[in-house]
Structures are given as C-alpha cells and as structure tokens.
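Peer 1: Below you'll find the structure I mean.
The values are calculated or read from the model by the stated rules, or taken from the named source; none is laboratory data. Everything numeric here is computed off the predicted structure, so don't read it as measured data. Here the Cβ is made from the backbone with ideal geometry for all residues, glycine too, and neighbour counts use every protein chain on show. Just so you know, the surface numbers come from the protein's heavy atoms only, side chains and all, with ligands and any DNA or RNA stripped out. Shrake-Rupley method; radii C 1.70, N 1.55, O 1.52, S 1.80 Å.
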Amino acid sequence: MLVEAKNLPHHVGIIMDGNGRWAQLRGSARVLGHREGSKAVRRTVRAARRLGLRALTLYAFSEQNWARPGDEVDALMELLREFLTTERDEILDNGIRLSAIGNLGRLPHLVRAVLDPLRRESEDNDQMTLTLALSYGGREEIATAARELARQVAAGKIRPDDVTEKALGDLMPSLAVGDPDLVIRTGGERRISNFLLYGLAYAELHFADVLWPDFGAEQLHDAIASYQQRERRFGHVGKGVQPKTEGASVTRIAI
Ligand code: FPP
C-alpha cells in the first residue's frame, strides 16, 4: 500500500477494539488478548512515528471500562505500566511527547508512578505527541469543560455569550493537538463508544475489520491511504469529481 508523503492526517485517533475476541478465538483468557494488544500498540506507535504523524491518540481505557471484572482491570493496568516502562527509552529517543487524557485521578499508583515522570521527561519533545486516553470519556470531557465555563460565568469572569464552541474546545485536553483528522476503529464494530466526541465533528472515520492484536504498520497505512482518497468538505461545497490528469505526479512513500 502506498501512502502520499503530503496530505498526511495531522492527528489520528484509534479505538483499539477486539482484544477479547482475539483471545477467545484461540481458547485463551481475555487478558492474553490485551497482552497481544499491547504489542500492537508498540508496532503502531513505531509506524506512526516513522510515517511522520504529528499526533496519535489511543483509546486505551474508557471511563466505562472500570465496570469490567477486577482481574481484567488489574491486568490492563499492569500492561500499561509495563508498556510505559519498556517503551520509555524509545519514546524519549524518538522525540515523542507522551501525554494522557481522562480522569487520571482514578488510575492506580502503579500506573501514575511511571506515567507522570514520563509525561514530564518528554514534555519538550516535538516530533509526535502520543496521547493515551485513560479512564477517558468524551461526554465526561465535554461536561468538565462546560462546568468550568459555568464556574467562570458564575464568578463574573466571563459573560454567557463567551461560552462559544471555541471556548469549550480550548478547555478539552484531547484537542490540545488539534481536532482528530482520522479516527480508526478496529474489531469490526461501527460505533464511536464515547471517544473524542467534541473533536469528531469533521473527522474521517475508518473501520477496520481486523481485531486489534492483528493491527500494525500495514493496517495503519491502509487507513491513511483511504483517508487520502477522500475529499474533506467541512460543510462547504466540494470540488466534485476531478477529471484524471495524465501523468499527474504525487510523491508517495513506499512501505
Ligand atoms: C478493547 O477490546 C480494548 C480495551 C478495552 C483495552 C485496550 C488495551 C490495550 C490495547 C493494551 C494495553 C494498552 C497500552 C497502551 C499498552 P475488548 O476487550 O473490548 O475486545 P472485545 O470487543 O473483543 O471483547
């Protein structure tokens, strides 16, 4: 699959779904699917950085995932800790800024103890921002921003008319790297599951039927190649179907 060097999405979000089914298909415990899933995270981060994406946001744990059985939650927290520990050097050596969004206060100490130092150590890196959505919910993020603006109105710092789309978006950590241009969901389901809701307004969506543990560079490139064939209109009138130009040249990255 060929990806154009120009016209890369700036911010890609991924809903990593299908770990449990991957394991069940092999007669294994769901936790084993999550373990394979964390290998797919490594491959995907590497591929995204190599491609030159500026921002990658991974939906690693939703606010609703706390309702899963305790041993599955514990295993996911342990895998997160392991990922942050083993990938630390590669993240720092490759200029990646590690960021996290969500209700981080709910995360156990074992995760915070590796997450927080890595966020600090990598904060000046500027090649790519890798954001982990942890204990994250899109509705919760919107409500938190709305609450903050309501407080500012109540305190007389701003007027109700100052509650604009931009003012709300500016308070959303998920949009610090810009709106998502492309959101990929693996696992075959076609839904958004409370991911990046506010920023999704004009995102392109790509649904991959592959289960998350089977995702890697090839599938990321397929998703980006599909994005590059689309015309983004942002509610405006499009260019319509363009006649094919003989010999038109595009720089493509062979992978
Ligand atoms: C959804 O699959 C996946 C999750 C809830 C967790 C995602 C976690 C990882 C990919 C591994 C750890 C993360 C990092 C960043 C190292 P599911 O369990 O809902 O799958 P199913 O739909 O097949 O049951």
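Peer 1: Let's see if you can work this out: charge +1 on each Lys and Arg Cβ, -1 on each Asp and Glu Cβ, no other charges. What is the dipole magnitude of the chain about its Cα centre, in debye to the nearest 20?
Peer 2: Computed charge dipole of the chain: roughly 320 debye.
Peer 1: Next up: From the backbone phi of the stretch 190-199, what are the Karplus-calculated ³J(HN,Hα) couplings (6.51 cos²θ - 1.76 cosθ + 1.60, θ = phi - 60°) in whole Hz, Gly and Pro given as x?
Peer 2: Karplus-based 3J(HN,Hα) across the stretch 190-199 equals 10, 8, 9, 6, 6, 9, 6, 3, 5, x Hz.
Peer 1: Which longest run of the chain has no exposed loop site in it, a site being GluC sites (Glu not before Pro) in a DSSP loop with at most 16 other beta carbons within 10 Å, and the site itself not part of the run?
Peer 2: 1-122
Peer 1: What FRET efficiency would be calculated for the residue pair ASP74, ILE142, taking the C-beta separation as r and a Förster radius of 22 Å, to the nearest 0.05?
Peer 2: Here the calculated transfer efficiency is 0.15.
Peer 1: What do the square roots of 5 times the Cα gyration tensor eigenvalues come to for the chain, in whole Å, largest first, as semi-axes of the equivalent ellipsoid?
Peer 2: One finds semi-axes of 28, 27, 18 Å for the chain.
Peer 1: Continuing with this model, one more query. If you count only protein heavy atoms and use a 1.4 Å probe, how large is the accessible surface of LEU92, to the nearest 10 Å²?
Peer 2: 50 Å²
Peer 1: Follow-up question, since we're still on this one. To check you understand DSSP bridge types, tell me what percent of the beta bridges within the chain (both residues inside) are antiparallel, rounded to 5.
Peer 2: 10 percent
Peer 1: How much accessible area does MET172 have with a 1.4 Å probe, in Å² rounded to the nearest 10?
Peer 2: MET172 exposes around 0 Å² with every protein chain in place.
Peer 1: Can you give the local net charge around ALA47? Use residues other than it whose beta-carbon is closer than 12 angstrom to its beta-carbon, Lys and Arg +1, Asp and Glu -1.
Peer 2: It works out to a net charge of +3.
Peer 1: Another one. Given the whole protein assembly as supplied and a 1.4 Å probe, what does the accessible area of ASP179 come to in Å², nearest 10?
Peer 2: 90 Å²
Peer 1: How far is the Cα center of the stretch 187-236 from the Cα center of the stretch 1-65, in Å?
Peer 2: Result: 12 Å between the Cα centres.
Peer 1: Which shape class applies to the stretch 100-144: rounded if a/c is under 1.5, otherwise prolate when a/b exceeds b/c and oblate if not, where a ≥ b ≥ c are the square roots of the Cα gyration tensor eigenvalues?
Peer 2: Oblate, since a/c reaches 1.5 and b/c is not below a/b.
Peer 1: About its Cα centre, how strong a charge dipole does the stretch 95-218 have in debye, to the nearest 20, once Lys and Arg get +1 and Asp and Glu get -1 at the Cβ?
Peer 2: It comes to approximately 600 debye.
Peer 1: Counting only protein heavy atoms and a 1.4 Å probe, tell me what percentage of the chain's accessible area is made up of carbon and sulfur.
Peer 2: Result for the chain: 49 percent of the exposed heavy-atom area is carbon or sulfur.
Peer 1: So, for the chain, what is the accessible surface per residue at a probe of 1.4 Å, expressed in square angstrom?
Peer 2: Averaged over the residues of the chain, the accessible area is 53 Å².
Peer 1: To continue, here is another question. Specify whether the C-alpha gyration tensor of the stretch 149-220 places it in the rounded, prolate or oblate class, a ≥ b ≥ c being the square roots of the eigenvalues: rounded for a/c under 1.5, otherwise prolate if a/b is larger than b/c and oblate if not.
Peer 2: Note, shape of the stretch 149-220 comes out prolate.
Peer 1: Follow-up question, since we're still on this one. At most 15 other C-beta atoms within 10 Å and a DSSP loop state: those are the exposed trypsin sites (Lys or Arg not before Pro) I care about. Give me the longest piece of the chain that has none.
Peer 2: Value returned for the longest uninterrupted segment is 27-156.
Peer 1: While we're on this one: For the stretch 17-153, max minus min Cα coordinate along each principal axis, in Å, sorted largest first?
Peer 2: Result for the stretch 17-153: principal-axis Cα extents of 55, 36, 26 Å.
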